[in-house]
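Below: one structure, written as structure tokens.
The values are calculated or read from the model by the stated rules, or taken from the named source; none is laboratory data. From a predicted model like this one, the values you see are computed outputs, not experimental measurements. A quick note on method: Cβ atoms are made from the backbone with ideal geometry, for glycine too, and the neighbour counts reach across all protein chains shown.
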Amino acid sequence: MNAGTHNPRLTIHDILRQYWGYDSFRPLQEEIINSVLNGVDTLALMPTGGGKSLCYQVPAMAKAGLCLVVSPLIALMKDQVENLRKKNITAFAIYSGMSRKEVINILKTATDSNCKFLYVSPERLETFLFKEYLPGINVNLIAVDEAHCVSQWGYDFRPPYLRIADLREELPGVPVLALTATATKEVQDDICEKLVPVATGLQPGTVSTPPGEIYKHLTEAKSLPTTAPGSWKIFRQPFARPNLSYSVFRVDSKINKLLEILMNVAGSSIVYCKSRKRTQEISELLRLQNISADFYHAGLTAEERTRKQEDWIRNKTRIIVCTNAFGMGIDKPDVRTVIHIDVPDCLENYYQEAGRAGRDGKKSYAVLLYDDNDLVELNELPEIRFPSPEIIKTIYQHLANYLQIHAGSSEGEYFDFDIGDFIKKFKVNSHTAVYSLKALGQEGWLSFNEQVFTPASVQFTTTKNNLHDFEMDHPELEPIIKTLLRAYGGIFDFPTFISELMMVGLLKKDKEDIKKELTQLHQQGLIDYRPQKDGPQILLLRNRIKSEDFTINIARHSFRKEKFILRVKTMIGYVTEKSVCRSKITGNYFGDLQIKDCGICDICLTKKSTSVTKEEFEQIHHLIMQALNEDGLEAKELLHRLSGFKKEKAWKVIDSLQAENKIAIDLQGLIRLK
């Protein structure tokens, strides 16, 4: 059966087995899929690597039509499309940086063919081109990945996500599946409200519900009827990870503690750092200790990132030292330790990154190292992350000059953007530039993507007869033509991602020669060749205006800053906590109030080690009574006489006896019988 053709005889279990090779679903997947198939709007909170994509891919395959997937992560879209095509499932992606011609070709194919999945970056939802073709596309489901981006309460708000509500008005009766790894209760509520069609407040197949009223219908999945009007089903995987031990250490030397952990815990590891330079320094220090390590950050070329990632996944490299650019979409189950050598700015990021350890269910460790300077820097972050409106205005003016944009022009245009060159030319601080651009993005002026990677793509644009004649006349180009045709199925029908490195291996030529030959074929009109892009991009969402007319919403900017301050305080609270279970802190933060103490984090283990049994209490009590006399003893001397017990246990008994008025500590610090 062609994978793009709907076959109503296949059950969701048949689809899972036939295309993905699994005999059973992971926890919650089947419930989420059935909710979607029942036409109910659904919010699923599942960790990275928890099988989120199957939750929309399986129901989309079970229904006639196409699933529209909204995702901000170009690299993930590319991976998903490639993986689906390997299963003979037709899928395409539209994202920033693609030419108008490429977008039109994909939209036409999605309209006229058996395409099952169309991945779209949120910015593309706003274009006239997309809106023009949308009515002709038979959409059966809208999947919203990284759904926390829709909420201004969240840690990664992106204004284009708000357009999904408008999109729903064009697709009445089509349910939404919103997916995210981390969202507080506040953000969960906001996601559900913001994804209601704006003009009508209608849910698929239900009566009208005022947006403010939707909070009344939010409920846990197990108790919600599948036909409840104006409601969402919310599925949340438990935040407890019984095999994952969380620990926080205040240390003088982070590198020494890192080495100690890696020497004591065998196996694969991720070490997270806050800067690119630091990743390289630490990986070199580890290699000097004969530990197999490599570094990874967004500043590397796509080939370097792919190679380093693959070496680590295949265990050729034991330790990957990285910025938070690493890990998204990677499902490596046997990671034994995730170590943060710098403190993340919020609990959302920490939980997601630390949670990449132990996905195989075996004992694993998430360790966070900090010193006093880390806490100082965290407290200073809000001022860095939220530049003043005057600074943002200056950066906007610099950007317009740098890109040579005239007033009243360039809405909807993409620009390659060398941020290093920009910083150098205008002599601005790198943090100031980056966070001002992010603020401009959140205000809806532009979209700034720091990690755009568009792989090379090729589509043949001539007939097979013409191609044969060309090969006869240009025998030197015949090998590359034959290699393209053999290596990439469907290359005549639609633009296909190619690996220039793979072509190097197949043709035994260097990369520049491959590029030169592909360019020749492009110039001759045989192929449409789009070279690889690997750098930041700016998309202007509005025409440039004169500097004196530029404004941002100061109240909204201040509101986001206040929310960020609260997230920083929560992170500092997690780091400095001494009595509450680590898992309980994160579970409660994300709305899981039923979570129990894990018993294996540093705090739980400390509690266990200092808990006093009835027998121990009686023994310590007896020794204290024997040791004390009328003259009293200094605490140091008394603890020396109780050296057969842990100091913490001895103090617990001393405190208890003092509370019971059996002993007292006088002004000289002597402990006496009362």
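Remarks
- Condition met for GLY444 (assigned by TED's automatic domain parsing to the domain that holds LEU259 and either under 24 Å from the mean Cα position of the chain (by Cα) or not aliphatic (A, V, I, L, M) (or both)): no
- Wholly within region 15-117, helices (runs of 4 or more DSSP H) carrying at least 2 residues that are over 16 Å from VAL176 (Cα atoms), more than 22 Å from the chain's Cα centre (by Cα) and of a type in the set (Lys, Arg): 74-86, 100-112
- Candidate set from region 78-97 (those that are touching a residue at least 40 places away in the same chain (Cβ under 8 Å) and in contact with a Ser or Thr (Cβ under 7 Å, 6 or more places away or on another chain)); member that is surrounded by the most Cβ atoms within 10 Å (Cβ to Cβ): PHE92
- Pairs are defined by a Cβ separation below 7 Å, a sequence spacing of at least 6 or placement on different chains, a first member in region 259-280 that is on the phi > 0 side of the Ramachandran plot, and a second member that is outside any loop (DSSP other than H, G, I, E, B) and surrounded by 16 or more Cβ atoms within 10 Å (Cβ to Cβ); the pairs so defined are GLY267/ARG336.
- LYS508 surrounded by fewer than 20 Cβ atoms within 10 Å (Cβ to Cβ), in contact with a helix residue (DSSP H, G or I) (Cβ under 9 Å, 6 or more places away or on another chain) and either outside the structural domain of GLU123 (by TED's automatic domain parsing) or without any contact (Cβ under 8 Å) to a residue 40 or more places away in the chain (or both): no
- Any hit, region 369-389, residues being within 30 Å of GLY50 (Cα to Cα), outside any helix (DSSP H, G or I) and of a type in the set (D, E, K, R): no
- Among the residues of region 128-153, those that are touching a residue at least 60 places away in the same chain (Cβ under 8 Å), under 22 Å from GLU562 (Cα atoms) and surrounded by 22 or more Cβ atoms within 10 Å (Cβ to Cβ) comprise ALA147, HIS148, CYS149.
- Residue within region 228-248 that is in the same structural domain as THR184 (by TED's automatic domain parsing) and at positive phi present: yes
- Condition check for LYS131: of a type in the set (Lys, Arg), in a helix (DSSP H, G or I) and more than 29 Å from the chain's Cα centre (by Cα): no
- Filtered residue count, region 572-605, keeping only those that are surrounded by fewer than 19 Cβ atoms within 10 Å (Cβ to Cβ), in contact (Cβ under 8 Å) with a residue 40 or more places away in the chain and among the basic types (Lys, Arg): 1
- In the set PHE550, PHE494, only one residue is aromatic (Phe, Trp, Tyr) and modelled with pLDDT under 90; that residue is PHE494.
- Filter result (of a type in the set (Phe, Trp, Tyr) and within 16 Å of the chain's Cα centre (by Cα)) within region 303-341: PHE326
- From SER24, SER71, residue being of a type in the set (Ser, Thr, Tyr) and crowded, with 19+ Cβ neighbours inside 10 Å: SER71
- From LYS608, LYS614, LYS646, residue being farther than 24 Å from LEU667 by Cα, surrounded by 12 or more Cβ atoms within 10 Å (Cβ to Cβ) and of a type in the set (Lys, Arg): LYS646
- Candidates VAL343, VAL338, VAL321 - the one that is at pLDDT 95 or above, closer than 28 Å to SER253 by Cα, touching a helix residue (DSSP H, G or I) at 6+ places or on another chain (Cβ under 6 Å) and assigned to a loop (DSSP other than H, G, I, E, B): VAL343
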